[in-house]
1. Any idea which of Val146, Val169, Val191 is of a type outside the set (Asp, Glu), over 30 Å from Glu262 (Cβ atoms) and buried (at least 20 other Cβ atoms within 10 Å of the Cβ)?
2. Return the pairs, sorted by first residue and then second, in which the second residue is in a helix (DSSP H, G or I), the first residue lies in the stretch 149-163 and is hydrophobic (A, V, I, L, M, F, W, C), the beta carbons are less than 8 Å apart, and the residues are 6+ apart or on different chains.
3. Going by what's in this entry, would Pro103 be described as touching a residue at least 40 places away in the same chain (Cβ under 8 Å) and surrounded by 18 or more Cβ atoms within 10 Å (Cβ to Cβ)?
4. Being in the same structural domain as Leu222 (by TED's automatic domain parsing) and at positive phi is true for just one of Gly171, Gly187. Which residue is that?
5. Name the single residue, out of those in the stretch 106-139 being crowded, with 21+ Cβ neighbours inside 10 Å and closer than 20 Å to His182 by Cβ, that is farthest from the chain's Cα centre (by Cα).
6. Go through the residues of the stretch 74-83 one by one and say whether even a single one is over 22 Å from Ala275 (Cα atoms), at pLDDT 95 or above and either outside the structural domain of Glu262 (by TED's automatic domain parsing) or over 15 Å from the mean Cα position of the chain (by Cα) (or both).
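The values are calculated or read from the model by the stated rules, or taken from the named source; none is laboratory data. Everything numeric here is computed off the predicted structure, so don't read it as measured data. Glycine gets a Cβ as well: all are built from the backbone with ideal geometry, and neighbour counts include every protein chain shown.
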Amino acid sequence: MPLIDLKSLIQDVMGFVMRDNFCQAPRIRGLLVTALLLAFSVSPVLAQDTDNTQKEPLRLAFFNDYAPYSWEEGGRMRGILVDVMDEILSRRMGLAVEYMGYPWARAQEHVKRKADGFVTLPNDERRSYVIFCELPVLIGTYTVFVNRKNAHNPDMADISSIPDLKRFVVGGYLGSSWASRHLEAQGVPIVWTNNLESLLRMLAADRIEMVSNNSAVIKYNLRLLGLSDKVAELPNVLDQAPFNLGIGKHSPYLSVLPEFEETLRKLTDDGTIKAIVERYTMSAPPPGPAAHDSIR
């Protein structure tokens, strides 16, 4: 069906209107009726198209094997970061959000091309294709865990930096990027185990003196394994890693960042974010599968 040039039609109508005998012309009556019908029928269609565009979901890409922060289970994404994003973007801001899980390298590539954003550690390379909210969604801390019977050992209580760990038998598990890049790289001898579960069981049995890694990851897995009563966390923080929402420079959702930051600030201040984290690190047992190391 050929398209009707609405602009030309209206100009044609106005030309007849300017004539003295326009009210007697049968053609003008038809043109006026057609123009009015088009005006009222096209407008809702255009409005509907605009509304559909606005309802395109905000697509966030996550690492699908990074419990307790994010993992895929039963075809759905779960975890601390997913729950925080759902609370802010869906519940508080009323946006439609789609949570997609991939191996971490693919998740980052997806944000460059299709996905609207991710939640991760800001760095220069990522800043080249996303704009980060400057307020972190949360801050991951790296602390020291010891057998509970050694929790009040004064030598251990004095630990305040990574080099202080050199005096102790420190455990790590194969594949732990943080232990290799931060502990081993600074001269801390590591007793390596095959996996995180083996490492935590060795610590609970007092076969190693301490473990240093992401606090949420360790506490989450201690709860899963039922070892929380045998292991204690020392208070000093050795390292931190912020998790910030980054929205792709190509995304139509860049404009939500100011409202997102304002909402995030409120939920941080009122304890909502802390409560979400504690669902995974303080509950017994926490939801989900065993975890892996940092994705930094």
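1. Numbers: Val169 fails: buried (at least 20 other Cβ atoms within 10 Å of the Cβ); Val191 fails: buried (at least 20 other Cβ atoms within 10 Å of the Cβ).
From the options Val146, Val169, Val191, the qualifying one is Val146.
2. Listed by first residue and then by second, the contacts come to Met156/Asn150; Ile159/Leu165; Ile162/His182; Ile162/Leu183; Ile162/Gln186.
3. Values: touching a residue at least 40 places away in the same chain (Cβ under 8 Å): yes; surrounded by 18 or more Cβ atoms within 10 Å (Cβ to Cβ): no.
No: the conditions fail for Pro103.
4. Numbers: Gly171 fails: at positive phi.
Residue meeting the stated conditions: Gly187.
5. Result: Leu138.
6. First, pick out the residues of the stretch 74-83 that are over 22 Å from Ala275 (Cα atoms): 74-75.
Checking the rest, the ones that are also at pLDDT 95 or above come to none.
No - not one qualifying residue is present in the stretch 74-83.
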